[in-house]
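Only one structure is covered here, and it is reproduced in the block below.
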């Protein structure tokens, strides 16, 4: 049975998901473009040779314009893929916009097609080897607190306590309407190094 804290997080998740879904297509496109314009000037983006992005779903803020800029700058761009063998872990597979075949996973989210490629390591990157990871948020606060969808995929993948050599720079992306005053954290939540919205970038100071 869910604890009161879990019930509170789930209720907040529903409210914030409704907020981001209420944005019009034009508002979503404008937000994605504003995000790209400001993040392309960040030192951590300029210096990155590889980065993980995601394809927006359920009203999420889209990093696709930024990802296309990165690809044009010869940075290697990767998308998350549900791990086929280990539950609630992610693989990261190279994505070339307009070229990489995509299929929907069990959640209805597009990801690179693995069938026909086998375990081609040239198309994959280890979680600890990527430079930057842009991940979606359901909610955030200015202290760096984050609320995800509840599946724990990113938390498990970037849990460096399990003999992982390092954690890349983790940047959460969200619309400004997803901000809350205070967001209690669960023990398993991996810390974010920064949070980006269409209006600005917040460095959390967390490691």
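The values are calculated or read from the model by the stated rules, or taken from the named source; none is laboratory data. These figures come from a predicted structure and were not determined experimentally. A quick note on method: Cβ atoms are made from the backbone with ideal geometry, for glycine too, and the neighbour counts reach across all protein chains shown.
Remark: pairs (first residue in the range 132-145, farther than 18 Å from residue 20 by Cα; second residue modelled with pLDDT of 95 or more; Cβ separation under 6 Å; 6+ apart in sequence or on different chains) = 132/48; 132/51; 133/52.
Across the range 134-152, the number of residues qualifying as modelled with pLDDT under 90 and within 16 Å of residue 54 (Cα to Cα) comes to 4. Entry remark, the range 53-80: residues being buried (at least 20 other Cβ atoms within 10 Å of the Cβ) and farther than 26 Å from residue 19 by Cβ number 3 in total. Scan the range 3-17 and tell me whether some residue there is crowded, with 17+ Cβ neighbours inside 10 Å, within 30 Å of residue 126 (Cβ to Cβ) and either in contact with a strand residue (DSSP E or B) (Cβ under 6 Å, 6 or more places away or on another chain) or at pLDDT 95 or above (or both). Within the range 3-17, none of the residues are crowded, with 17+ Cβ neighbours inside 10 Å, within 30 Å of residue 126 (Cβ to Cβ) and either in contact with a strand residue (DSSP E or B) (Cβ under 6 Å, 6 or more places away or on another chain) or at pLDDT 95 or above (or both). The C-beta contact set for the range 49-68 (first residue in contact (Cβ under 8 Å) with a residue 40 or more places away in the chain and at positive phi, second residue assigned to a loop (DSSP other than H, G, I, E, B) and surrounded by fewer than 18 Cβ atoms within 10 Å (Cβ to Cβ), distance under 7 angstrom, 6+ apart or interchain) comprises 59/23. None of 135, 66, 79 is touching a helix residue (DSSP H, G or I) at 6+ places or on another chain (Cβ under 6 Å) and closer than 18 Å to residue 168 by Cα except 135. Scanning the range 123-150 for residues that are closer than 16 Å to residue 60 by Cα and in a loop (DSSP other than H, G, I, E, B) gives 137, 138, 148, 149, 150. Might you let me know whether the range 21-29 holds any residue that is within 20 Å of residue 195 (Cβ to Cβ) and surrounded by 21 or more Cβ atoms within 10 Å (Cβ to Cβ)? No.
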